[in-house]
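The values are calculated or read from the model by the stated rules, or taken from the named source; none is laboratory data. Fair warning: this is a prediction, and the values are worked out from it, not measured in the lab. All Cβ positions, even for glycine, are placed from backbone atoms using ideal geometry, and neighbour counts span all protein chains on display. Keep in mind that these areas ignore ligands, DNA and RNA; they rest on the heavy atoms of the full protein, side chains included. Shrake-Rupley method; radii C 1.70, N 1.55, O 1.52, S 1.80 Å.
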Amino acid sequence: MVNHVSPAPRATAVRDDHGSRFHLVDLDLHRDNVGVTSSSATGYGAFNVWGNSLPAEELPSGRAIQVEDVPFTFPATGGGRPDNVRCAGQHITVEPGQYDWLYLLTAAERRVEDEIAFHYADGAVDFEPLRVSDFWAAPAVFGETSAFTTLTMHYPYHVQANVSAMVWCQRVPLVRGAALAAMRLPRNPAVHIFAATFVLRKGHHR
Amino acid sequence: MTGVQQAPTDRVIQHWYRDHVSCLQSTLASLLIREGEDPLGALGLSWEFRHLPGDVRPEEFYWPCARDGDLVGSLLPYHRAGSVWRTAPDTDPLVALETALAGNRLPIVAVDNYHLPFRPAYQDVHSAHLIIVYGIDRVAGEVLVSDAMPPAYHGPLAIADLLRSWTSVNPREQEAFFSGVHIDGRWLDVTLGTPFPPLTPARLGEAMAANLARFDSDGPDRAGLRGLAEFGTELVAAARNGDRATVEEAYPFGWGMQAQAALHGELLRDRGVQWRNPVLAEAGRRVEQVAHAWTPVRVCAAYGRADPRAWAGDLAHRTARLRRAHEEALAAIEQAMATLNDGSGEIG
């Protein structure tokens, strides 16, 4: 059985400026799903088809954090407003640059294997694998790092102890040595993205 | 009967769980472990596609039975296992379970989670589920139950709670996918036919060949690759026609298919590593990709029940990818079978 609840999240607050190695993607215009709720208003939750949601009391809200030495901006949560992007083919322009990795704070409603389409400035398009483990008391089957493992799960009408919700830190490779212009998320409503950060290729700066 | 009735060896029932399985696989796994068998080796040996139109029920443990009425025999076709659904008598229903326990058989009991204090759905939503009852103490007014699904529980349950749950009408809930079918005091009487033969490369190869034959089948059932294509076509047509009921059905139906693919894939990958056979391990990973391809089919169907036409395009895309995942996995299995022919399973 699954039993891997850790009381302290593995994400930490960002303490310093990471210079130009990272591009934190602004997802605010694309957030369309309430995945995190406060314990007093769990009915807003819509992370999965059952109306489960992650507990705001156990997650950061509207601030910079760091996971796996990568900075992210975790969205404001718990107010009943959309806090994540439910993947529906969104086209997201990015600051031009040659990137090695896309790091994501993400979770899925059951295991997902899909693709992100990377669109390059020279017209090239690459599909790269997106693999995300289940958010509901599940192990990291794709080798992700657990960014957050909560002690509780929110249900529409109650807070459930001893069922963890997971937020994974997963990365997607960008193998092409070319300037990226945009990415398009898969049309897959099982995948939710809370934050996204590109890591620049060595020797490249914004 | 009065007093304590408990199968003699069962102080605690061992749990076994994977994030893709339902209570159907987890309860059977506990029974297999009790008999000294490897649950993955048994539950992961068979892999098929079978869809029985008109048969799908909104229950977590629904499975399309190739053997009519024999759930366990259908799930474990390469073993001498079998099962019969029984219905407890209205007067003193516990007698049925006591009789099973006295015969050293662990009954798997259908319940409505709404009445079970250890389930997240307690007093929240009605949903059909399975648990194991491994002891009955009428004096204390308790039964001993085991449930491996998170948050996982084994221990006492008030007889009154069990009876409410076991006899619930499980009323239809708009937000629940496993409600609307009466529980009706059902319990599954399982015969495993253990001990099983050891899972050698030759036996695994035979099972893989039989699985392939079933996927190639052109029989009357909606089964195999042809059945999968028909299922996808029907699902997309239902969405385009605004047929909410058919679209919704894909969610409970897909759970069983997804769980079996995940377990078969894990078994092939596990044995591939154990037998130092990378081709087998890779075939397992391809089958796991089939399981993962079920996720968006099920989730699109679940959301699509509210507005089927809006989700028809996504369902078309997702069922097409599911078919391609099957084709890739079956091709990988064919390659892996050739490596099992020498009996050792090892490569190089």
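Would you check if there is a residue in region B:339-348 being open to solvent by 40 Å² or more (accessible area, probe 1.4 Å), on the phi > 0 side of the Ramachandran plot and out of contact with any strand residue (DSSP E or B) (no Cβ under 9 Å at 6 or more places or on another chain)?
Yes - at least one qualifying residue is present in region B:339-348.
For region B:256-283, the set of residues classified as charged (D, E, K, R) and within 30 Å of B:Asp55 (Cβ to Cβ) consists of B:Glu266 only. One residue stands out in region A:149-168 among those that are facing chain B (nearest Cβ under 10 Å) and outside any strand (DSSP E or B): the one that is most open to solvent (accessible area, probe 1.4 Å), namely A:Tyr157.
For region B:11-21, the criterion of being at pLDDT below 95 and open to solvent by 10 Å² or more (accessible area, probe 1.4 Å) is met by at least one residue.
Residue count for region B:205-245, restricted to those that are in a helix (DSSP H, G or I) and in contact with a strand residue (DSSP E or B) (Cβ under 7 Å, 6 or more places away or on another chain): 4.
Restricting B:Arg164, B:Arg203, B:Arg186, B:Arg172 to residues that are modelled with pLDDT under 95, more than 14 Å from chain A (Cβ to nearest Cβ) and surrounded by fewer than 22 Cβ atoms within 10 Å (Cβ to Cβ) narrows the list to B:Arg172. Evaluate region B:88-108: report whether one residue or more is under 21 Å from A:Ala161 (Cβ atoms), among the hydrophobic types (A, V, I, L, M, F, W, C) and open to solvent by less than 40 Å² (accessible area, probe 1.4 Å). No - not one qualifying residue is present in region B:88-108. Does region B:268-279 contain any residue that is touching a Leu at 6+ places or on another chain (Cβ under 8 Å) and of a type in the set (Phe, Trp, Tyr)? No, the conditions are met nowhere in region B:268-279. Cβ separations smaller than 7 Å between residues 6+ apart or across chains give the following pairs from region B:313-326 residues that are part of a helix (DSSP H, G or I) to residues that are modelled with pLDDT of 95 or more and surrounded by fewer than 18 Cβ atoms within 10 Å (Cβ to Cβ): B:Asp314/A:Arg187; B:His317/A:Arg187; B:Arg323/B:Ala229; B:His326/B:Leu225.
Pairing residues of region B:103-127 that are touching a residue at least 24 places away in the same chain (Cβ under 8 Å) and on the phi < 0 side of the Ramachandran plot with residues that are among the β-branched types (Val, Ile, Thr) and not in a helix (DSSP H, G or I), at Cβ distances under 6 Å and at least 6 apart in sequence or on separate chains, gives B:Leu106/B:Ile132; B:Pro107/B:Val133; B:Ile108/B:Ile132; B:Val109/B:Ile131; B:Val109/B:Val133; B:Ala110/B:Ile183; B:Val111/B:Ile131; B:Asp112/B:Ile183.
Which of the residues spanning region B:249-273 are open to solvent by 30 Å² or more (accessible area, probe 1.4 Å) and touching a residue at least 40 places away in the same chain (Cβ under 8 Å)?
Those that are open to solvent by 30 Å² or more (accessible area, probe 1.4 Å) and touching a residue at least 40 places away in the same chain (Cβ under 8 Å): B:Glu249, B:Glu266, B:Asp270.
For region A:172-181, the tally of residues that are surrounded by 17 or more Cβ atoms within 10 Å (Cβ to Cβ) and closer than 16 Å to A:Leu130 by Cβ stands at 3.
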